[in-house]
1. What number of residues within segment 65-74 satisfy the criterion of being in a helix (DSSP H, G or I) and of a type in the set (Gly, Ala, Ser)?
2. Restricting segment 49-62 to residues that are among the hydrophobic types (A, V, I, L, M, F, W, C) and modelled with pLDDT of 95 or more, which is farthest from the chain's Cα centre (by Cα)?
3. With respect to Glu72, is the statement that it is at pLDDT below 95 and either open to solvent by 50 Å² or more (accessible area, probe 1.4 Å) or closer than 13 Å to Trp10 by Cβ (or both) true?
4. Report yes if His30 is modelled with pLDDT of 90 or more and under 12 Å from the mean Cα position of the chain (by Cα), otherwise no.
5. Answer yes or no as to whether Asn52 is assigned to a loop (DSSP other than H, G, I, E, B) and either in contact (Cβ under 8 Å) with a residue 60 or more places away in the chain or at negative phi (or both).
6. Being open to solvent by less than 40 Å² (accessible area, probe 1.4 Å) and aliphatic (A, V, I, L, M) is the filter; apply it to segment 47-58 and report the residue that is nearest to Pro7 (Cα to Cα).
Amino acid sequence: MSNNASPFLWVKLGNCRSIEISTESCRNVHELIKKVKAEASSLAGVSIERINLYTGDPVRNEALRPGLLLTEISSQTGYSRNDDAHPLFVAVGELQLHSKS
């Protein structure tokens, strides 16, 4: 995160309350997802490939790319601010293997 950005981000999984996650040593969304998985006990048995972060409702927004830098989250569609009332959303998706025809 940039020098004047908060060293924490708020995230929310389903109907659970928002939790604050340290972004220390996180460069991108993938690294943040690893921290979210470690912090949220309900994600303990979920493979990291199935966890996605969204700036808003996962039904209406695309998942943030794993390689997206944390400093770029605020410029993504659906982002207004990040606090306990406006967190990033965590969703668990099904793994789907795509075959090329």
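The values are calculated or read from the model by the stated rules, or taken from the named source; none is laboratory data. Small disclaimer: the values here were computed from a predicted structure and weren't measured. FYI the Cβ positions are ideal-geometry reconstructions off the backbone, even for glycines, and counts take in every protein chain you see. Each accessible area value is taken on the protein alone, full model and side chains, heavy atoms only, with ligands, DNA and RNA left out. Shrake-Rupley method; radii C 1.70, N 1.55, O 1.52, S 1.80 Å.
1. Just the residues of segment 65-74 that are in a helix (DSSP H, G or I), to begin with: 70-74.
From the residues that got through so far, the ones that are of a type in the set (Gly, Ala, Ser) too are 74.
Matching residues across segment 65-74 total 1.
2. In the first step, residues of segment 49-62 are kept if they are among the hydrophobic types (A, V, I, L, M, F, W, C); the result is 51, 53, 59.
Filter once more, keeping what is modelled with pLDDT of 95 or more: 51, 53.
Values: Ile51: 8, Leu53: 3 Å.
Across segment 49-62, the extreme among qualifying residues is Ile51.
3. Numbers: at pLDDT below 95: no; either open to solvent by 50 Å² or more (accessible area, probe 1.4 Å) or closer than 13 Å to Trp10 by Cβ (or both): yes.
So Glu72 fails the test.
4. On the way: modelled with pLDDT of 90 or more: yes; under 12 Å from the mean Cα position of the chain (by Cα): yes.
In short, yes.
5. no
6. Here the residue is Leu53.
A quick yes/no check of all residues on (1) among the basic types (Lys, Arg); (2) open to solvent by 80 Å² or more (accessible area, probe 1.4 Å); (3) in a loop (DSSP other than H, G, I, E, B); (4) out of contact with any Ser or Thr (no Cβ under 7 Å at 6 or more places or on another chain):
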{"residue": "Leu9", "(1), (2), (3), (4)": "no, no, no, no"}
{"residue": "Ile21", "(1), (2), (3), (4)": "no, no, no, yes"}
{"residue": "Ser25", "(1), (2), (3), (4)": "no, yes, yes, yes"}
{"residue": "Lys37", "(1), (2), (3), (4)": "yes, no, no, yes"}
{"residue": "Ser42", "(1), (2), (3), (4)": "no, no, no, yes"}
{"residue": "Arg60", "(1), (2), (3), (4)": "yes, yes, yes, yes"}
{"residue": "Ala63", "(1), (2), (3), (4)": "no, no, yes, yes"}
{"residue": "Tyr79", "(1), (2), (3), (4)": "no, no, yes, no"}
